[in-house]
Amino acid sequence: MKEQYEKPPELYSGLRLHQNENTGGCSPRVLEALTRLTRQNLAFYPPYAEATAACARHLGVAADRVMLVNGLDEGIMSASIAYLRPQAGSGIVPEAVVPEPAFEIFRFDTAVAGGRLVQVMPKPDFVFPLDEVLAAITPSTRVVFLTNPNNPTGVSTPFDAIRTIAKAVPTQAIVFVDEAYADFAGRSFIPELPAYPNVIVGRTFSKAYGLAAIRIGALVGAPAVLDPIRYATPVYSVNIAAVVAVVAALADQDYVNDYLRQVEASKALLYAACDRMKLKYWPSDANFVLVRVGSRIEDVVRGANERGVYLRNRSTEPGCEGCLRIATGLVEHTKRGIAVIEEILCGGA
Ligand SMILES: Cc1ncc(COP(=O)(O)O)c(C=O)c1O
């Protein structure tokens, strides 16, 4: 298992199906809003009230329960520093419980913060390992990282498991529910937060809203639980372009809903293609699908790359041997990805 995050190579000339991005781009209204920025806007430190209120309205919570972050990545790092940093004199090394396979950033941020990683290995077909997670919780647990739906599998985490874990962790601990892909699943744990004040939900506008390059996300939770995370985050980490972009993007829900429909159609096409090629896949609640290609994984990822389609080899992640992950965005893009995989595996289709 790698010690440090290996950024995917900077590939921009072909079709990017390797980073779960919105393959269609953001709403045109975002660009229009950005062009209205003035020289003065760029000269002043950015205001957050309007964007925070827009996110809060969108997520159905009060504004004091929302913390804007410079991408959900920043939220995960700040939460790790806040809750996994060893406290001088406590004699405790804070522990992060991570059911695998998981977003790798949880592992790396736990290490950066000085915490100890407690991995829970996957069960067949990525059925959520609730008993194993509960068994991994100790008095030193400070964070349980969950992702719903999960990356790289696309499989959802049962809400009942989240509830049970939230009741089982020590009082100083949080349960961090990463909902980077919840827009695609159409389900969120946010309405349950008042009953589970030790749970923080992380959201991003990188995926469904197509703002990955702008870097904007949000943490949602009880103010007292968010406070230590706010202390661990640079004061003006979200820039003015992100503030303007998220307000404009949230105002154009038709655009997002259309994209969500394309993602559903894309997944159906990919499932049918996998059935044709007799490839195992896991039905996904997200905007990507994990597909088991087996021993030809390297050939497929390299061959697709040579044909200008970028796929992500996830073979080194626990339980994902021989698997690639492919984003399912605009239907035309998915069709191109499928054609390339079929050409490599079946010699043309
Ligand atoms: C599970 C998960 N969480 C967080 C992120 C990061 O989101 P952001 O672009 O907002 O930093 C990703 C990005 O791929 C992700 O897959």
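Sorting Arg325, Arg107, Arg85 from the fewest to the most surrounding beta carbons within 10 angstrom yields Arg85, Arg107, Arg325.
Going from the fewest other Cβ atoms within 10 Å to the most, the residues Lys335, Lys267 appear in the order Lys335, Lys267. Less than 5 angstrom separates the built amide H of Glu95 from those of Arg116, Thr141, Arg142, Val143, all sequence-distant by 5 or more or on a different chain.
Among Lys7/Lys280; Lys7/Lys278; Lys207/Lys267; Lys123/Lys207; Lys123/Lys335; Lys278/Lys335, which pairs are too far apart, with a Cα-Cα distance over 23 Å? Distance filter (> 23 Å) returns Lys7/Lys280; Lys7/Lys278; Lys123/Lys207; Lys123/Lys335. Going from the fewest other Cβ atoms within 10 Å to the most, the residues Met277, Met67 appear in the order Met277, Met67. Exposed loop sites, defined as GluC sites (Glu not before Pro) outside DSSP H, G, I, E and B with at most 11 other Cβ atoms within 10 Å, are absent from the longest region of the chain, namely 11-349. Across segment 133-251, C-alpha contacts under 8 Å between residues 6 or more apart give a mean separation that, scaled by the residue count, equals a relative contact order of 20 percent. From helices alone, the chain scores -12000 deg cm²/dmol at 222 nm; the rule is -39500 (n - 2.57) for each run of n ≥ 4 DSSP H residues, then divide by the residue total.
Here the 3J(HN,Hα) profile of segment 241-248, calculated from phi with Karplus coefficients 6.51, -1.76 and 1.60 at θ = phi - 60°, is 5, 5, 4, 5, 5, 5, 5, 5 Hz, Gly and Pro shown as x. Ranking Val300, Ala43, Gln119 by Cα position along the charge dipole of the chain, where only Lys, Arg, Asp and Glu carry charges on their C-beta atoms, puts Ala43 farthest toward the positive end.
Any read-out appearing in this document is the output of simple, stated calculations on the displayed coordinates, not a laboratory observation. A quick note: this is a predicted structure, and the numbers were derived from the prediction, not measured. Using ideal geometry, Cβ is built from the backbone for each residue, glycine included, and neighbour counts are taken over all protein chains shown.
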